[in-house]
Amino acid sequence: MNGNALSYLLRTKIHNQLVSFFKKPVRLIYVVIFIGLLVLTMIGGNAGAKESDRVVRDISELTAGINALFILIFATTFNSGLKNGGTFFKMADVNYLFPSPLNKRSILFYALIQQIWSSMLIGIFILFQYSALHMNYNLSYLGLTLIFLTYSLTVFLSQTLGMFLYTFVSDSEKKKNIAKAVLYIIIVGILAYIGLHVLQNKDHIVKALAEAGNGLPVLLFPFAGWIGGFAGSIFKGEYIESALWLILSAAAFTAMLIAMSRSKREYYEDVIASAETMQNTINSAKDGVPPEATPKVIKVGKEGIGKGNGASVFFYKHMLENRRASKIWIKPMSLVFVLITIGFTIFMKGAGILPIFAFSVYMQVFTVALGRFNRELTKPFIYLVPESPFKKIIYALAETFPTELLESALIFIPVSIILGAPALVCILCIVGRMTFSFLFIASSIAIERLWGGSLSKVAGLLIYFVVDILLSAPGIVLAVVLSASGITLFSSDITSVMSITLMNIPVASLIIYSCRNVLQYAEL
Amino acid sequence: MLKVEHVTKKYGKLLANNDISFSVESGQIAVLVGPNGAGKSTIIKSIAGLLRFEGKIEIGGFDNKSVEAKGLIGYVPEMPAVYDLLTVSEHMEFIRRAYRLPDDGYDKYLLERFEMMDKKDKVGKELSKGMQQKLSICCTLLHRPRVIIFDEPLIGLDPHAIKEIKNMFSELKAQGCALLISTHMLDSVENFWDVAHIMVNGSFAATKYNTPGGENEKSLEELFFEITEGKASEVGK
């Protein structure tokens, strides 16, 4: 009876999901576009360069990167699971399944099956990395599939372990802190091991990083290291070792499942709060902007906005919100992007600063979309305050300037040191990246002006990417033309960044000025 | 004070408001009643200047999207709009500065009246839904608007706050403000409305005035059920 009801629910959900593609053809179109882009990336990746021209990098760099990625995703997912419990259940599950006479173990297995699918969706971004991975490491389709599946497995296992431990520690803040402390100690230990290894091999930093990233202390990291070890040993052709890592993971997972299903502890109460949080996230996402990742306990500090009158108060309010949103004056997601870009620089040291600049701008597309201005558009105040719409836009955007300056400086000062680039190049990259933030904001404003709130979330995102590319095109074209005609000022890097910067400023200004009345036409 | 002329609003193919016209005078309380999905929130948002629409809306003789009109209007949204990272008193400071208002203590008066003073140092994220709604109402009233529109204002409020806001409605009316209140809870507006518009499928199905009429006249509730249960008939003044 239990099984029938839950399997009926699963079957019906899958059936309805499939039917929705035909009832709403626009969804089908998105899937077709998505598959098209994926195929393009796959084919483009193979056609990128002649096989004979390609310099294939050491595969141990890739396996070390896989281990690092798995540990990073494990640590963040596990940490979030420890804070709030699992996110396996939706509010409908909480409301209908929990009070029902269904067996709680069956409900748990039903949630686990659903979670496997969600974990795979989270890993889809990996498939789009084919081009770079094939070019640098000669990765095949099969290899990419292996990374995708092991990544999804790591996500799934870290969520399960997070939920499992939460049921034991949720009743006491002390127990939670102990669990967190254990995680941090393991991570600090691994970082110390990597740091020491690099210090001992300063002349070959990349090689030392790759060696340490595949070292036993890293591979022993629960689940993430084991799964990384499984994937890495397959790449190296060491199948017996890979089988051992897989057996270890499977045994630990089985033990965890047995402990969970036999545990007398009630997990229902533990997951309700996280289900509510997830419901809020879903509701906010429907408004176009996901909820802000704010600290659980916000430290108010000095109270009061203190400055500003009329439209300018939006700027001072945003600065106050930034101060409270993060202890370190930079959004956690931006900090991750900064670290990724610096890591990217270490591996791409020989390629010059331009690929790093392009990579940092690519990351910026996402951080700008989640900025204060876009959040402000979801509240009624910016529309209601009796000030000129243009003034309100300018002041609501002004917060971007110090935020982006800090973020760009955090990226390009260490990048310039690593690459040994001159100070002028560093400054130009900082300024150039800042102009891109204005360009991407201009893109959001143009979309708001043209479509108001009438676009669906997916369509809005797709159009945002397309408009970003269109607005960036003049600067990129100018840089290519100058480079092709052999015109250089100081150096080719400086010429390219300068030409992009010089084109971005007028393009962004023109768009923002043309859409100055956007607040009169926007839709909340 | 508030004039709505031939307003039509479409979401794609869906006709949310169809050629709506009405007005609310100074010192008048108008209510919009109707079932879920009737188009009440859409017309409210259009008046607040948050949606594009066809037709004309004037606040105090100014186009509703003009700076002058924005100075006159106050809007309480259905979902309380508060900032997660600002404290209650900072919300009031924000509105005071944004509307260039003097620091005359009216913010504290409103917070006291809605029993929010003990929460003044709490950030928006820490407030319950009802508290957020009360803060949203305080923010709306702070600049002493002349036209105030409320979208389901009583949902989530505790009995004391409901009593307080009902008293506030009467006071604002006495001060000459024009009030437009949208609700689907008929009993919440039974006593204090002057004119009621019953909305069905994006249009006004009936308009009823709260005048001491004859004994045979239908109550708002009777009329509402008659219309929404498919027995609509022309209802005059």
Measure off 7 Å from each Cα along the Cα-to-Cβ vector at A:Phe128 and A:Met91, then give the distance between these two points in nanometres to one decimal. 2.9
Could you work out the longest stretch of chain B that avoids the GluC sites (Glu not before Pro) located in DSSP loops with at most 15 other Cβ atoms within 10 Å? B:26-114
Using Cβ contacts closer than 10 Å as the measure, can you line up A:Lys24, A:Lys302 from fewest to most? A:Lys302, A:Lys24
With Cβ to Cβ distances under 15 Å as the rule, what net charge do the other residues near A:Leu6 carry (K, R +1; D, E -1)? +4
Over all pairs of distinct alpha carbons, what does the Kirkwood formula give as the hydrodynamic radius of chain B, in Å? 18.5
Stokes-Einstein, Kirkwood over Cα pairs, segment B:121-169, 37 °C, 0.692 mPa s; D in µm²/s equals 284
Beyond 20 Å, the calculated P(r) of segment A:310-521 holds a percent of Cα-Cα pairs equal to 59
Computed lengthening from A:His204 to A:Ser491, 0.36 nm per intervening residue step minus Cα-Cα distance: 100.5 nm
In the neighbourhood of B:Leu111 defined by beta carbon distances under 15 Å, the net charge of the other residues (Lys, Arg +1; Asp, Glu -1) is -4
Summing +1 for each Lys or Arg and -1 for each Asp or Glu, what net charge is found among the other residues whose Cβ lies under 12 Å from the Cβ of A:Ser20? +4
Would you mind ranking B:Asp151, B:Asp19, A:Asp93 by Cβ crowding within 10 Å, fewest neighbours first? B:Asp19, A:Asp93, B:Asp151
Is segment A:118-266 rounded, prolate or oblate when judged by the Cα gyration tensor, a ≥ b ≥ c being the square roots of its eigenvalues, rounded requiring a/c under 1.5 and prolate requiring a/b larger than b/c? oblate
Kindly write out, for segment B:130-138 in residue order, the coupling ³J(HN,Hα) from the Karplus curve 6.51 cos²θ - 1.76 cosθ + 1.60 (θ = phi - 60°), rounded to whole Hz, with x marking Gly and Pro. x, 5, 4, 5, 5, 5, 4, 5, 4
Whole-number percent relative contact order across segment B:26-137, with pairs defined as alpha carbons under 8 Å at least 6 apart: 24
Between B:Cys177 and residues 5 or more places away or on another chain, which pairs have amide H atoms under 5 Å apart, with H built 1.01 Å from N, and which residues are they? B:Gly27
Tell me which residues come under 5 Å, amide H to amide H, from B:Val31 once H is placed; ignore anything under 5 positions away on its chain. B:Ile181, B:Asp194, B:Val195, B:Ala196, B:His197
For the protein assembly as shown, what is the percent of antiparallel DSSP beta bridges, rounded to the nearest 5? 55
Sorting A:Ser7, A:Ser131 on the 10 Å Cβ count, fewest up front, what's the list? A:Ser7, A:Ser131
Stokes-Einstein D for segment B:153-210 at 20 °C, 1.002 mPa s, Kirkwood Rh over Cα pairs, in µm²/s? 169
I need to check one value: relative contact order of segment B:2-231, counting alpha carbon pairs closer than 8 Å and at least 6 residues apart, in percent. 30
About the Cα centre of segment A:310-521, what is the dipole size in debye to 20, counting +1 per Lys and Arg Cβ and -1 per Asp and Glu Cβ, all else neutral? 520
Using every pair of alpha-carbon atoms in chain A, split the distances into 20 Å bins beginning at 0 and state the percent of pairs per bin, rounded to integers. 18, 52, 29, 1
Can you work out ³J(HN,Hα) from phi for every residue in segment A:382-392, in order, using Karplus 6.51 cos²θ - 1.76 cosθ + 1.60 and θ = phi - 60°, giving whole Hz and x for Gly and Pro? 5, 7, 8, 4, x, 9, 4, x, 5, 4, 4
Sequence-separation-based contact order of segment B:100-200, relative, with Cα cut under 8 Å and 6+ spacing, percent: 27
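Every number here is computed from the coordinates shown, using simple stated rules; none is lab data. All values derive from a computational prediction rather than experimental measurement. Virtual Cβ from ideal backbone geometry, glycine too; neighbours counted across all protein chains shown.
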